[in-house]
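Everything below concerns the one structure shown next.
Bear in mind these aren't lab numbers, they're just calculated from the coordinates by the rules spelled out. Here the structure is a predicted model, which means the values were calculated and not measured. As a convention, Cβ positions derive from the backbone with ideal geometry for all residues, glycine included, and neighbour counts pool all protein chains shown.
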Amino acid sequence: MKLIYSITLLFSLLFASDQIPGPPQDHPIIFTGATIHTVSHGVLENAEILFDGGKIISVGHNLSAMYKIEKIDISGKHIFPGLISAGSTLGLQEIGAVRATRDYAEVGSINPNVRANVSYNPDSEIIPISRSNGILLALSVPRSGRMSGMSSLMMLDGWTWEDATLQHPVGLHLFWPSMNVAKSDKAEKKDKSDKESRLKSIQKIDDLIQESRAYLKLKESRSSSFKHDLRLEGMLSVLTGDIPVFIHANEVRQIEAAVYWADRQNLEMVLVGGKDSWRTTTLLKDRDIPVIYTQTHSTPMRRFENYDQAFTTPFQLFEAGVKFCISNSESPFQTPHIRNLPYHAAKAASYGLPWEEALRSITLSTAEILGVDEKVGSLEVGKEATLFIADGDILDIRTQVERAFIQGREIDLTDRHKTLYKKYKIKYQQNGLLKGPVLE
Amino acid sequence: MRILFLYFCLLSLIFNQIEPVDGLRENPPRVWALTHAKVYIEPGTYLGNATIVIRDGFIENVGRDIRIPNDATVLDLTGKTIYSGFIDSWVEISTQPENTIPHDAHWNHKVNARRELYSQYQPVKKKLESLHKMGFTAAHIVPDSGIFQGQTALVQLNNEGTVLISAVAQDIAYEVDGWGSDKYPNSLLGVVALLRQTLMDATWYGEANAITKQFPKFNEPLKGNRDLDVFSNWRQENKPFIFETNQELSVLRSFNISDEFQLNSWIRGSGYEYRRISEIAKVNPFIILPLDFPVTPDLSHPYQALSYSTSELKHWDLAADNPAILIDHGVSFAFTSHGLKGNEFRKNLIRSIERGLSETDALAALTTIPAEKMGKGNQLGKIEQGFLANLTIVDGNYFQNKSKIVSTWIGGEEYPVLPKYDTDIAGEWKLTMGKKWYQLELKKKNNSYSGSVIQDTTNFKLSKLKIGGRFISWQVTLDSTAGPSRFTGHILENRMEGTAHDLQLSWSALKIGGLEKEEKKEEDKENSSELSVYYPEGTYGLENDVLQDAKSILIQNTTVWTCGKQGKLEGVDILFEGGKVKKIGYSLNSKGVTKIDGTGKHITPGLIDCHSHSAAFSINEGTQSITAEVRIQDVMNSDDITIYRQLAGGLTMANILHGSANTIGGQNAVIKMRWGATPEYLLYENAMPGIKLALGENVKQSNWGDENTTRYPQTRMGVEQILRDAFASAVEYQNEWIDFRKNNKKWKKKIPPRQDLELDALVEILEGKRQIHCHSYRQDEILMLTRVAEDFGFTVGTFQHVLEGYKVADRLKEHGANASTFSDWWAYKYEVIDAIPYNGALMTDVGVTVSFNSDSRELARRMNTEAAKGMKYGNLSEEEALKLVTINPAIQLNIDKWVGSLEVGKDADFVIWSDHPLSTRAKCEQTWIDGVQYFSLEKDAELKARDTELRDKLVGKILSKKSDSKGKKWNHSEKKSVDHHNCLEEL
């Protein structure tokens, strides 16, 4: 016990980030001379934006004349709404290979009741690293077995997980069972069990829904037979339509099965993953099912598919009129790398997706799919002042993010990497291998 | 002569029987004359209406008008065809594990050269019968386990299991146990290394043995090794080695090994030989060829159909052409029924004949060729005087579906295939019952009869017709007012007699004629596939396997990123000729060249990935801490689709490295992405040999779970010691050889040093001929390796990953090592907690040559934007950033003289980009290697269209075919890419 305690202490010390959360916005701010990427209303050149009390008051031209407050000229810079990662284990994981730092997978396959935000570690080193590149909001997702739990949309700054939560719950996450049927001879026996096991797995999900509905009935009718069951309780917000079920599926048979299942169960769904979604655009469009596409940086699923299939899928979804957003890979291995989110969108853009759609696919489209577009996702009056300033197009790797605000709070853009960089630069300045004075 | 021969036979008869007789002696007559048959005395030559005289197991005489000896009993075989008994050239016999491994056996459990299969062989009646049913009378039996599996044998398929040749060949298999096994070798890499080392050891052992015997006073007695002893003799006698292959590239690999050791080698084929037929035909090996063709895949569900690759579907269409293609290319082979059951062998053989294989070639592959190859050409394979009386008797042509195998004769003894009690009664009969007579018609289809009784024009169908041996019974209703009548009877020669019980009459029937044969349906006949093979097979493959010549290309008015002294040049022309950069300048003019308008485009050198695991079948031999002997070049996979995908991202070269499972891993291979080529031609000719080392968590098995805690080392302290131990032993080994090569007198009487492939590689490191690519993370271990290297007098080539390199960049520079790192990976394991994306830039600033690598088949497709991260993190200039993936990796691989920049005289490896190469907007439009275009958007569109059409056509063809698979599952899955992505996941 003591050992575990000290290990925990050790890690929390090791992994606590040094950045201090920003204080609430206490005065209005106007930026002028900027290229403002509103996402909702196009790009405004040499424009101004005013925000106060954490909200955007005004976006446009000649605002500074109307408001007699100090203005900050950022000519030549660009302002973007905070980028939104639509799914990772951010805050639930620190070092992938170290078990003690993994908090994303609860035991068992049915965990609809677990909540991501309660174990979100606001001091994770990965958080400042991610926001340094403009990722200001991120969906934190539990990942275990079949029904993995409820996700939370987190702001990438805050003293506690409660401070950092923008929205909870966002979705209930269901990892659709494999629908694969082995084709090979050796796997003949396995094949039978494949077929059976996929039917059983779907039945298990159906059973869970049926039980949850029965549970809801007992609860609503204040039945004397009602006894609490946390797992079933966790299902209720989906049954009542408060949140959608986020179904993780990549292969075409999985996607179809999931869509028809949601239809049969009369549940609102969001498709996550969607590697084969280009094969089912009509189905997705007809039923208005949004897709969180996470596969831009992946190889084609099959040997005979186009070399650039994963890059062109967003364009195909766009052309077909499917509602979609782009996100980073869901794999926990990629969680430390969600800072590369804009480059997933950029890749899609260089393979056909219109450039402004690419930006939308990591901001407003994401906000819409996560149900938070009233608050974030674009630079519009009344929305939260969650935005950042960069020296160029955020979809280009060479661009640097210079300042960032979450709900009007200016956040610290230093991070572990910058700190170590600075530290070792000093080493080489001290021993004369790098020119220039020793910086502090 | 004849008398002598008979005398010899008699002798052998008398002395063959060694064991005492239990009960009465049995001496069945052994003299027969088979008459009136069509006799194939050898492939392509037959005698009609001929006689074969068999005496005491041998063929005494064969011919058309020969005298039948008085003592011979005549068997009339009118209508039958007699072939020399077929030989199945590959019958696997399950080997017994040895209870106690002999003390003088080879150290490795997979080396079983000593195993003599003939001594383990036990005839199993069921197996014999199934082989007789296919027509086989003798078999080449082979073991089924191990790498060196043991000595094969040629046996008679008789009940006694007579051994004809006790040692035919040494059987070699690429047996890979996989990651689940902790015994060396568990990977293909290790298997090939063990093969090579063992073959070398065999030669050394032979010499050592001789010297020890000659100079016992100067040499300690040599530790006996039975397996090496066998090999040593085997090689001296130049006896054959058989390589078991599972696909065409594994044949080419076997050629390399066999070439290196000058082996007399045979190939156990796979059926895929047609895919690399020209390379195979060049070497022209003897192939033991299976005929297990794919079943028709079930594509009825379009989504299930997606799980079949196009190359698998093509193989379905092409497989049966393989034998004819081999013959057309002059490759000789013998058939085996390996992998096939029941009638499948004949069915598939007939399919191949319909597709152009001649019956003569097919018969030779069943008789003369295997007999000669296996050393019994003078007694097996033909029907000739003095040959063993092995015969296959068919009631027609063996190579046509309808005929049946009647019996086989093995060593003069008959093994009936069709039950002798079966009589054929199909035909027209005259049925007499009391005073009435009827017409009786009996039809036979697929071994079951149907029949009817016909009176005038009325047809009464027989029901419950049963025929067994010479018994027949049926029911028939001849009079609608009465019930059915039951008939029973006995079949005599062309006559039947019996009782009609319910009519209380007796009946008899006489055969009056046969039935008209139904014409063979023409549509059942197969045609050769109309498809042509692609190189490599499957989508995106090229249409011919001839290497393309370099083109002369002039790109005009463009931006050239030379990555050399000239830097970035705008508005220039660049000319490529003869596979080299010819000229860079303004307004160049050249005649007879292809001109490309480069306006708005950017030209960069081909990108180079200094850490990749693509294009290999095997990556980690992780069973031992040091496996310096294994070589990636032995396991190249030129068919890996990732080659094409990476070309499409502008990558032209990659450093294919062994994994990081152990401290000293295997030897690398530097390749050019020459899509369509054979493995050999992927290898870059100018590359300096290298080797993978690894430090830290992987080699101490930190993340392998709680069970892996005993392999040395388990700490970074141990890693250092294991390295010092390895290099110290390499020094000693090196000294021994130096001493030996001085050719002192003492060595004339002493055993020479044994060549050790593992230590050879380490000595090459000491000599600076092989450079180290070391997987590393933490500063302490990086520093440690530089110190160990300096103590042993060599320099580390590149540190790979080197994520804390920025902490000791000064040491790297001082030591002279390069750094090949990830742009921005971190936090996936504890040792990368301090990894920062500024690593590359900071090391560059201090003066270390840095590259960014992929270590991932996915990331390798977009290395240009990886390079851009050098600008983002640490403010490298754009030219410096691009060098991270061009000239810098070339410097690190010691190939910068030829590649990595666009300078006059260097290789014409270049990429045409649509935009600034470091911009995410840039798309790779064309990729060229050695002046040959390997990728272009236009060509890609053509290939896509071609492959889509081909696939649609094939799917259509398969859907319209009646399923022949009867619920059988797909049996030809191709797995041509190994799924490992990076140094973490590959574990």
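Of the beta bridges in the protein assembly as shown, as assigned by DSSP with both residues counted there, near 65 percent are antiparallel.
Cross-link partners for B:K183 among the lysines, with Cα-Cα distance under 19 Å and sequence neighbours closer than 8 places in the same chain left out: B:K110, B:K700. Within the range A:65-102, which residues have the backbone N less than 16 Å from the label spot 7 Å out from A:N46 along Cα→beta-carbon, could you tell me? So the set is A:65, A:73-78. Computed from backbone phi with θ = phi - 60° and the Karplus coefficients 6.51, -1.76 and 1.60, the 3J(HN,Hα) list for the range A:23-35 is x, x, 5, 10, 8, x, 10, 10, 9, 10, x, 9, 8 Hz; x is used for glycine and proline. Across the range B:728-860, Cα-Cα distances exceeding 25 Å account for 40% of all pairs.
Only the Cβ atoms of Lys and Arg (+1) and of Asp and Glu (-1) were treated as charged; on that basis the dipole of chain B about its Cα centre amounts to roughly 1960 debye.
Lys-Lys pairs in the range B:427-514 that are eight or more residues apart or on separate chains and whose Cα atoms lie under 20 Å of each other come to 22. Between the alpha-carbon centres of the range A:292-319 and the range A:18-82 there is a gap of 36 Å. Look at where the Cα atoms of the range B:413-486 and of the range B:765-805 average out, and the two centres are 88 Å apart. Name the shape class, rounded, prolate or oblate, that the alpha-carbon gyration tensor gives for the range B:519-590, where a ≥ b ≥ c are the square roots of its eigenvalues, rounded holds for a/c under 1.5, and otherwise prolate holds if a/b is larger than b/c and oblate otherwise. Here the range B:519-590 falls in the prolate category. Applying a DSSP loop filter and a limit of 14 other Cβ atoms within 10 Å to the trypsin sites (Lys or Arg not before Pro) in the range B:89-141 leaves nothing. The shape of the range B:427-514 can be summarised by an equivalent ellipsoid whose semi-axes, obtained from the alpha carbon gyration tensor, come to 18, 14, 14 Å from longest to shortest.
Projecting the Cα atoms of B:F471, B:G498, B:S448 onto the charge dipole of the range B:427-514, computed from C-beta unit charges around the Cα centre, puts B:S448 farthest toward the positive end.
The gain in end-to-end length when the B:H329 to B:T360 segment is fully stretched comes to 9.5 nm, 0.36 nm per residue minus the alpha carbon separation. Modelled spin labels at A:D229 and A:T282, positioned 7 Å past Cα toward Cβ, are 4.0 nm from each other. Under 15 Å of direct C-alpha separation, and excluding same-chain neighbours fewer than eight residues apart, B:K968 reaches these aspartates and glutamates: A:D185, A:E188, A:D191, B:D292, B:D298, B:E344. Of the residues B:L199, B:L157, B:A138, the one whose Cα sits farthest toward the positive end of the charge dipole of the range B:137-212, with +1 on the Cβ of Lys and Arg and -1 on the Cβ of Asp and Glu, is B:L199. Of the residues B:T73, B:T212, the one with the fewest other Cβ atoms within 10 Å heads the list, and the complete ranking is B:T73, B:T212.
Annotation for the range B:556-620: chymotrypsin sites (Phe, Trp or Tyr not before Pro) lying in DSSP loop with at most 14 further Cβ atoms inside 10 Å of their Cβ are B:Y586. Within the range B:610-706, DSSP assigns beta bridges of which about 75% are antiparallel (rounded to the nearest 5). Once the Cα atoms are used to define both axes, helix B:344-354 deviates from the longest principal axis of chain B by about 80 degrees. Please report the antiparallel percentage of DSSP beta bridges with both residues in the range B:553-607, rounded to the nearest 5. Here the share of antiparallel DSSP bridges comes out near 65 percent.
Mean-square fluctuations from a GNM of chain A, with a 10 angstrom spring cutoff on Cα atoms, peak among A:I397, A:I129, A:I426 at A:I426.
Its residues counted as N, the range B:698-803 yields a C-alpha radius of gyration over 2.2 N^0.38 Å of 1.31.
The mean of 1/r over all distinct Cα pairs in chain A, once inverted, gives the Kirkwood hydrodynamic radius of 23.3 Å. Eigenvalues of the alpha-carbon gyration tensor of the range B:622-719, scaled by 5 and square-rooted, set the equivalent ellipsoid semi-axes at 31, 14, 11 angstrom, largest first. Relative to the dominant Cα principal axis of chain B, helix B:125-134 is inclined by about 90°.
Of the chymotrypsin sites (Phe, Trp or Tyr not before Pro) found in the range B:82-181, those that fall in a DSSP loop while having at most 15 other beta-carbon atoms within 10 Å are B:W107, B:W179. The distance between label points at B:F218 and B:V904 comes to 6.1 nm (points 7 Å beyond Cα on the Cα→Cβ vector). Centre-to-centre separation between the Cα atoms of the range A:222-237 and those of the range B:144-187: 64 Å. If a spin label sat at a point 7 angstrom from the Cα of B:H103 along the line to its beta carbon, the backbone N atoms of the range B:211-253 nearer than 13 Å would be those of B:223-225. Scaling against 2.2 N^0.38 Å puts the C-alpha radius of gyration of the protein assembly as shown at 1.12.
This ranking places A:R339, B:R711, B:R486, A:R99 by how few other beta-carbon atoms lie within 10 Å of each, fewest first, which gives A:R99, B:R486, B:R711, A:R339.
For chain B, just say rounded, prolate or oblate: build the C-alpha gyration tensor, square-root its eigenvalues into a ≥ b ≥ c, call rounded for a/c under 1.5, and beyond that prolate if a/b exceeds b/c, oblate if not. Prolate shape, in that a/c is at least 1.5 and a/b is the bigger ratio.
Quick one: if the Förster radius is 56 Å, what FRET efficiency do A:D163 and B:D791 give, using the C-beta to C-beta distance and rounding to 0.05? Efficiency for this residue pair is about 0.55. Among A:T419, A:T366, A:T160, the residue with the largest mean-square fluctuation in a Gaussian network model of chain A, with springs joining Cα atoms closer than 10 Å, is A:T419. For the pair B:Q439 and B:D182, label points projected 7 Å from Cα toward Cβ lie 8.1 nm apart.
The angle between the Cα long axis of helix A:188-220 and the longest principal axis of the Cα atoms of chain A comes to about 80 degrees, rounded to the nearest 10. Legend: calculated FRET efficiency, B:N735 to A:I426, from the Cβ-Cβ distance at R0 = 60 Å, rounded to 0.05, equals 0.80.
For A:E319 and A:K217, the FRET efficiency from 1/(1 + (r/R0)^6), where r spans their Cβ atoms and R0 equals 30 Å, is about 0.10. Using Cβ point charges alone (K and R +1, D and E -1), the dipole size of the range B:427-514 about the Cα centre works out to roughly 260 debye.
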